[in-house]
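Asks: So that we are looking at the same thing, I have put the structure below in structure tokens.
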Amino acid sequence: GDIDRLAGTRVAIVGTRRASRYGIDVANEFARELSLAGVSVVSGLALGIDGAAHAGALAVEGAPPIAVVGSGLDRVYPRAHRSLWRAVAERGVVLSEYPLGSSAVAWQFPARNRIIAALSEVLLVVESRLDGGSLITVREALDRGVTVMAVPGATSTKAAQGTNMLIRDGALVAIEPDDVLIALGLDTRRQVPSFDSRQPPLWPDSEVLDLITSDPLTLNDVARLANVAAEADDRERGKHTERRR
């Protein structure tokens with residue numbers, strides 16, 4: 001493919017090879033909508049979520065897809081994705097750090113995940129098991145300061161145990177493609193002023209807090225300022241009383 005197609009905004013969509021029908025559909029939808037929004041979808045051309053993501057990106061006339069594979073560029077793996085591999089290369093770019101003729105070896109796939117993470121501005125995990133290779137990509141992304149997002153799934157589904165764990169541990173939740181676009185700063189339609197759920201302080205705490213500024217104060221300072229404020233209030237009330245007379 002064309003290496004210049006790496007330019008632009010990029011989001012990685014990764015997940016388990018043993019994906020559910022739900023996961024396949026979600027990966028396809030997110031990739032399709034992100035591509036239409038001008039975001040290149042990065043993935044590994046593996047079975048399951050990877051393949052669904054690339055198929056979704058290719059289904060529309062959008063941003064070029066990007067694949068990072070774990071074998072030589074002349075060794076298609078898995079063979080079932082031969083046509084998908086060719087389509088990604090024509091519309092986007094297929095990358096590998098391994099020389100031509102390199103067969104697909106198990107250890108090469110976790111190693112290539114660091115490249116997927118490094119190429120991405122956001123890493124989206126659609127489905128992952130607790131021991132899934134996607135979690136390796138998550139660690140590589142976090143080491144590089146890449147935002148990690150996850151799609152929630154049913155707690156009874158093994159394919160979603162890893163993604164639900166990521167959400168529990170602080171990953172951003174992605175319910176729809178717009179959530180990813182907002183994380184990228186590309187969609188501001190749902191941005192609202194931040195809401196502070198803390199209860200406002202009541203009297204007399206509120207008066208004490210009003211006295212405290214950015215400078216440190218001792219308890220004596222607070223008491224002195226409180227007296228000054230009280231005297232000022234007394235003077236103000238006296239003026240109002242005088243005017244009424």
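Asks: Return the carbon/sulfur percentage of the accessible area of the chain, one whole number, probe 1.4 Å, all protein chains in place. Don't jump to the answer; show the numbers that get you there.
Replies: Values: 7360 of 13900 Å².
With neighbouring chains kept in place, the figure for the chain is 53 percent.
Asks: Could you derive backbone 3J(HN,Hα) for the range 83-93 from the dihedral phi with the Karplus parameters 6.51, -1.76 and 1.60 (θ = phi - 60°), listing whole Hz in sequence and x where the residue is Gly or Pro?
Replies: Karplus-based 3J(HN,Hα) across the range 83-93 equals 5, 5, 4, 5, 5, 5, 5, 6, 8, x, 7 Hz.
Asks: When only C-alpha pairs under 8 Å and at least 6 residues apart count, what is the relative contact order of the range 1-126, in percent? Please list the in-between numbers first.
Replies: Details: 282 pairs, mean separation 39.8, N = 126.
That works out to 32 percent.
Asks: Could you give the spread of the C-alpha atoms of the range 131-171 along their three principal axes, from largest to smallest, in whole angstroms?
Replies: 32, 18, 13
Asks: Now, a different point. Per q in 0.08, 0.15 Å⁻¹, report the Debye log10 I(q)/I(0) for the chain, using one uniform scatterer on each alpha carbon and no solvent.
Replies: For the chain at q = 0.08, 0.15 Å⁻¹, log10 I(q)/I(0) is -0.43, -0.96.
Asks: Using a cut-off of 14 Å between beta-carbons, work out the net charge of the residues near L100 (Lys and Arg +1, Asp and Glu -1, L100 not included).
Replies: On the way: positive: R75; negative: D74, E97.
With Lys, Arg at +1 and Asp, Glu at -1, the net is -1.
Asks: Next question. Mind listing which GluC sites (Glu not before Pro) in the range 4-80 are in a DSSP loop and have 14 or fewer other Cβ atoms within 10 Å?
Replies: Values: sites: E29, E33, E61; in loops: E61.
Sparse-neighbourhood loop GluC sites (Glu not before Pro): E61.
Asks: List the pair-distance distribution P(r) of the range 1-63, using every Cα-Cα distance, as the percent of pairs falling in each 5 Å bin from 0 up to the bin containing the longest distance, rounded to whole percents.
Replies: All Cα pairs, binned at 5 Å, distribute as 4, 23, 30, 24, 14, 5, 1 percent.
Asks: How high is the relative contact order of the chain, given as a whole-number percent (alpha carbon pairs under 8 Å, six or more residues apart)? Walk me through the numbers on the way to the answer.
Replies: Numbers: 439 pairs, mean separation 39.7, N = 245.
Relative contact order comes out at 16 percent.
Asks: With angles folded into 0 to 90 degrees, how steeply does helix 134-143 sit against the dominant principal axis of the chain? Use alpha carbons for both and round to 10.
Replies: It works out to around 50 degrees.
Asks: Now, a different point. Go ahead and estimate [θ] at 222 nm for the chain from helices alone: -39,500 (n - 2.57) per DSSP H run with n ≥ 4, summed, over the residue count, rounded to 500.
Replies: Details: 9 runs with 106 residues, N = 245.
Helix-only estimate at 222 nm: -13500 deg cm²/dmol.
Asks: Charges only on Cβ, +1 for Lys and Arg, -1 for Asp and Glu: so what's the dipole of the range 33-121 about the Cα centre, in debye to the nearest 20? Please list the in-between numbers first.
Replies: Working: 7 positive and 7 negative charges, 65 e Å.
Using only the charged Cβ atoms, the result is roughly 320 debye.
Asks: Moving on to the next point. Take L119, L225 and sort them by solvent-accessible surface of the protein heavy atoms, 1.4 Å probe, largest at the top. Spell out each step's value before the answer.
Replies: On the way: L119 30, L225 55 Å².
Most to least solvent-accessible, the answer reads L225, L119.
Asks: Could you size up the charge dipole of the chain around its Cα centre, putting +1 on the beta carbon of Lys and Arg and -1 on that of Asp and Glu, and report it in debye to the nearest 20?
Replies: Working: 28 positive and 31 negative charges, 156 e Å.
Roughly 740 debye for the chain.
Asks: Rolling a 1.4 angstrom probe over the protein chains, ignoring ligands and nucleic acids, what is the accessible area of D25 in square angstrom, nearest 10?
Replies: Its heavy atoms expose roughly 80 Å² to the probe.
The values are calculated or read from the model by the stated rules, or taken from the named source; none is laboratory data. Predicted model only: the values in this text are computed from it and were never measured. Glycine also receives a Cβ, built like all others from the backbone with ideal geometry; neighbour counts cover every protein chain displayed. Note: areas computed on protein heavy atoms with side chains; ligands, DNA, RNA excluded. Shrake-Rupley method; radii C 1.70, N 1.55, O 1.52, S 1.80 Å.
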